[in-house]
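Working notes, beginning with the structure itself.
The values are calculated or read from the model by the stated rules, or taken from the named source; none is laboratory data. Source: prediction; values computed, not measured. Because the Cβ atoms are built from the backbone with ideal geometry, glycine has one as well, and the counts that use them run over all protein chains shown. Note: accessible area is taken over every heavy atom of the protein model, side chains too, but ligands, DNA and RNA are not part of it. Shrake-Rupley method; radii C 1.70, N 1.55, O 1.52, S 1.80 Å.
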Amino acid sequence: MLTCLRLMLLSLLGASLFWLSTEIACAKPPSLIEMKTEETVFVGKSIAHNADVSWMMDQSGMLSEVALKKVTSFRRVASEFQKLPLNKMKMQLQNEFGPLYEIISTRHYVICAPRGKAKAYGGVFEDLYESFSHYFALRGYQVKAPEFLMVAVIFPDQSQFFDYCKKDGVRAGQGLLGYYHPHTNRTALFDQATATAQEDSDQNETQLVYSRVSAEGKDMAEALRDTMIHEATHQVAFNTGLHTRIGENPRWVVEGLATTFESDELRSHTGGSTNSLSRINRNRLIWFVNYSRTRREKASLRNFIRSDALFRSSTLDAYAEAWALTFFLVETQPARYSRYLQSISERDPLQEYSADAREDDFKKAFKTNIRTLEVDYLKFVDQLTAELVQQN
């Protein structure tokens, strides 16, 4: 009897995989499907699969990884996948967070925040979205519109934020001010940045969660605003196709883009000025200059491109180098940088992204020897530094 059950399950999975593969190969609109396991029910569309797993996206944009060997039933619910209506999405959030929170929608976001504050937060997020889109449009790259409204949750204090981190499987620590999670597709943060500055090399630095740790010399309002900008940049980049929400993204690429948009001058001028100095992130530049002159190993760019190790061993050094390298590339080779982002996002997300593949993709996009590029990159940073000193 057990053998028969296994044969039935294998037949079910084989039929499911064949149907999913046929639908994708024929470029049909995705169907709304249901997969059941003994633990739960997944309803949505399959966005990637192999013989072992299927990544399901539900009608609000959340992702779940389904182990196909655990699937007990499979059926097509509707011939075409449709997003959850806005009123139902708001209702779900209201039920999840309760009456002390208000839920509002803007053009690109659904904001969940303490009553009376959501509109102001929504304005900051929308401003970032517009600056982001315009910045890339000026460089000949039209980012695609998000498929779903992006959800941002702002908690009134650190305690409630930490409780949510636990539910989300995120390790909370005093340096954590907020994060974007590609699987839930939500940005979460709190509006009382009481954390003290620290460099926590083990603080949540994984491939899956993109967080911001506290920075020295920031008051509460400034820390909140900076965190909103940083995490909103992550969220927009993942929702407009510049990063992939499943699979591997080089950490320096993700954090480099977010730290680039931390610059008020860059966002206010939308990157149109010919003067690079007007768009620098001064805090990141100062940190990188100190790092490059005291701790950075010579000819270390190749390893930085190939591996995320520096983010685990020296977080703030890694953030600074991610900013410096990204700023150099977007200022000097914007078209190649845009194509590089596109090439990464279009990789098979279920394939391992090896160190060799990372290096090959980088060299192919920028058509250069990494050692040669590193020399130009460090000269560029030195020139920015000299101009900044002269300006002051």
For this session: Quickly run through segment 138-158 and pick out the residues that are under 20 Å from the mean Cα position of the chain (by Cα) and at pLDDT below 95.
Result: Y141, Q142, V143, K144, A145
For this session: Among the residues of segment 80-99, write down those that are part of a loop (DSSP other than H, G, I, E, B), open to solvent by 30 Å² or more (accessible area, probe 1.4 Å) and out of contact with any Phe, Trp or Tyr (no Cβ under 7 Å at 6 or more places or on another chain).
Result: E80, Q82, L84, P85, P99
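For every residue, the table says whether it meets (1) without any contact (Cβ under 8 Å) to a residue 40 or more places away in the chain; (2) polar (S, T, N, Q).
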{"position": "M89", "(1), (2)": "no, no"}
{"position": "S105", "(1), (2)": "no, yes"}
{"position": "V110", "(1), (2)": "no, no"}
{"position": "A113", "(1), (2)": "no, no"}
{"position": "E126", "(1), (2)": "yes, no"}
{"position": "E130", "(1), (2)": "yes, no"}
Problem set entry | segment 159-194: number of residues that are farther than 21 Å from E65 by Cα, open to solvent by 30 Å² or more (accessible area, probe 1.4 Å) and at pLDDT 90 or above | 4
Exercise. Which of the helices (runs of 4 or more DSSP H) contained wholly in segment 243-308 include at least 2 residues that are among the aromatic types (F, W, Y)?
Worked result: 282-294
Seminar exercise, completed: Per the list (1) open to solvent by 70 Å² or more (accessible area, probe 1.4 Å); (2) more than 23 Å from L277 (Cα to Cα); (3) at pLDDT below 95; (4) assigned to a helix (DSSP H, G or I), residue check on V389 breaks on (2)
Exercise. Would segment 347-356 turn up any residue that is open to solvent by 40 Å² or more (accessible area, probe 1.4 Å), part of a helix (DSSP H, G or I) and touching a residue at least 12 places away in the same chain (Cβ under 8 Å)?
Worked result: yes
Problem set entry | Within segment 111-130, tally of residues that are surrounded by 21 or more Cβ atoms within 10 Å (Cβ to Cβ) and either touching a helix residue (DSSP H, G or I) at 6+ places or on another chain (Cβ under 6 Å) or closer than 14 Å to A145 by Cβ (or both) | 6
Exercise. For segment 37-46, does any single residue satisfy the condition of being surrounded by 16 or more Cβ atoms within 10 Å (Cβ to Cβ), of a type outside the set (S, T, Y) and either touching a helix residue (DSSP H, G or I) at 6+ places or on another chain (Cβ under 9 Å) or modelled with pLDDT under 95 (or both)?
Worked result: no
Problem set entry | Residue among N290, N283, N239 that is farther than 24 Å from A386 by Cα and not charged (D, E, K, R) | N239
Exercise. Given the structure, is A137 among the small types (G, A, S), under 30 Å from Y340 (Cα atoms) and buried (at least 18 other Cβ atoms within 10 Å of the Cβ)?
Worked result: no
Exercise. Would you say N239 is farther than 30 Å from W55 by Cβ, under 23 Å from the mean Cα position of the chain (by Cα), polar (S, T, N, Q) and open to solvent by less than 40 Å² (accessible area, probe 1.4 Å)?
Worked result: no
